[in-house]
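The values are calculated or read from the model by the stated rules, or taken from the named source; none is laboratory data. All of these numbers come straight from a predicted model, not from anything done at the bench. Heavy atoms of the whole protein, side chains included, go into the accessibility calculation; ligands, DNA and RNA do not. Shrake-Rupley method; radii C 1.70, N 1.55, O 1.52, S 1.80 Å.
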Amino acid sequence: MATNTKQGPGGSSRKGKSAGGRATASKVGRYTPAEESGRYTKPIPKSVRKSPKWYGALVLILLVVGVLVIVVNYLAHFPGVSHGSPWGLVVGLVMIFAGFLMATRYR
């Protein structure tokens, strides 16, 4: 029984070599700069990333007024609203949440 010394079990080649040599001819595993690969996105210029001047003031106003709405609600100074109404708390928390959300987008 003669065995082929160039083939391993199952007909595969020995020592990991394929019949045609290397599996791929491209630069597999090598670093290519992002500019060459086409995946590079230029950063946004700082002049474009600035928020309007009123944005910061609006963030502070929403935070402060939201806290004031909650405090005034629990002190029962809202006309026509019973003491400790849940709507005063909801309005105050929504204003505070909007202020925090806007603060994360401030540039």
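Out of the residues in segment 81-97 that are modelled with pLDDT of 65 or more and open to solvent by 60 Å² or more (accessible area, probe 1.4 Å), which is farthest from LEU60 (Cα to Cα)? Within segment 81-97, the match that is farthest from LEU60 (Cα to Cα) is HIS83.
Just one of the listed residues (VAL59, VAL64, VAL48) is at pLDDT 90 or above and open to solvent by 70 Å² or more (accessible area, probe 1.4 Å), namely VAL64.
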